[in-house]
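The values are calculated or read from the model by the stated rules, or taken from the named source; none is laboratory data. Everything numeric here is computed off the predicted structure, so don't read it as measured data. Backbone-built Cβ (ideal geometry, glycine too); neighbour counts: all protein chains shown.
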Amino acid sequence: MKIYNYLLNTVSQKGAAYLVLLDPDKLTDNDLSRFITHCEHSGVDGFLVGGSLMINGNFDDFLSKVKSITTLPVIIFPGSENQICQSADAILFISVVSGRNAEHLIGKHVLAAPLIRKYNLEPISTGYIIVESGSITTAEYMSGSFPVPKNKPEIAAATALAAEYLGMKLIYLEAGSGADNPVSNEMVKAVSSICSVPVIVGGGIRSPQIAREKIKSGAKILVTGNYLEDENNWSLIKEFANAVHVKIPITV
């Protein structure tokens, strides 16, 4: 419960937590060190590591390098049961509750659970809800799941509540990496108002202003990833952190 409690404490102290997603396929060794250092200096609260599809990256080596660079929490955001490494601090134990594919509700988890126990990783049970974003995302395609329609917040809310009742500690509303549109404020509000566990929002968030809208709508953890793969956008990381940390006064 160490990392989960860290997230809860961060939300309590700062109003919300800001996590940055690192994709092993997207960052070179040199870029990785500079990027993580920049994130730390900009107020990021921790890192997610993973991807729906890995082609070139070596997951274990990448995660070990991340851990050697940062003292912030490093949490696995697994795209498959192969993305499990003992170097991490915790793992999001994700069930794709928006879909009806049993493999992603419980099947893959049976294979992953013994490794998580062996590596003494902290599992954080997470109800993962894929939301329609304007185009088919990698997460949607790889999981074989229909997304929740973007204009149906009541479906997302009922699904999230069911996930909480099943014991999930987090609800993740996912528009997808590089999504055309982020999860709507209306849907974030509908889910966060009915659930008592923290709501994570990620995908398609390309400005601090949009990030602040999600926090105002009830999100407690915000994730950016794809947008920051362009080094030209690194300068906005501090602004993202300021937008998320609504309890922390912004200083110039």
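For residues in the range 172-208 being surrounded by fewer than 18 Cβ atoms within 10 Å (Cβ to Cβ) and within 20 Å of Ser12 (Cβ to Cβ), which is farthest from the chain's Cα centre (by Cα)?
Ser193
Specify the residue that is farthest from Asn56 (Cα to Cα); the eligible residues are those in the range 1-31 that are in contact (Cβ under 8 Å) with a residue 60 or more places away in the chain and of a type in the set (Gly, Ala, Ser).
Gly15
Assuming Asn58 fulfils every condition listed in (1) closer than 16 Å to Pro24 by Cβ; (2) in contact (Cβ under 8 Å) with a residue 40 or more places away in the chain apart from one, which condition is it?
(2)
Would you pick out the residues in the range 107-152 that are farther than 23 Å from Asn5 by Cβ and hydroxyl-bearing (Ser, Thr, Tyr)?
Ser133, Ser135, Thr137, Thr138, Tyr141, Ser143, Ser145
Out of the residues in the range 34-63 meeting the condition of being modelled with pLDDT of 95 or more and among the hydroxyl-bearing types (Ser, Thr, Tyr), tell me which one is farthest from Lys238 (Cα to Cα).
If we take residues in the range 34-63 being modelled with pLDDT of 95 or more and among the hydroxyl-bearing types (Ser, Thr, Tyr), then Thr37 is farthest from Lys238 (Cα to Cα).
Restricting attention to the range 3-57, which residues are part of a helix (DSSP H, G or I), within 15 Å of Ile200 (Cβ to Cβ) and in contact with a Phe, Trp or Tyr (Cβ under 9 Å, 6 or more places away or on another chain)?
Thr10
Please give the number of the condition Ala113 fails out of (1) more than 19 Å from Val199 (Cα to Cα); (2) aliphatic (A, V, I, L, M); (3) touching a residue at least 40 places away in the same chain (Cβ under 8 Å).
Condition (3) is where Ala113 drops out.
Here is a list of conditions, (1) in contact (Cβ under 8 Å) with a residue 24 or more places away in the chain; (2) in contact with an Asp or Glu (Cβ under 6 Å, 6 or more places away or on another chain), and Asn226 meets all of them except one; can you say which number that is?
It fails just one condition, (2).
Kindly check whether there is at least one residue in the range 84-98 that is small (Gly, Ala, Ser) and out of contact with any strand residue (DSSP E or B) (no Cβ under 8 Å at 6 or more places or on another chain).
no
Which numbered condition trips up Glu186, out of (1) in a loop (DSSP other than H, G, I, E, B); (2) under 30 Å from Ala162 (Cα atoms)?
(1)
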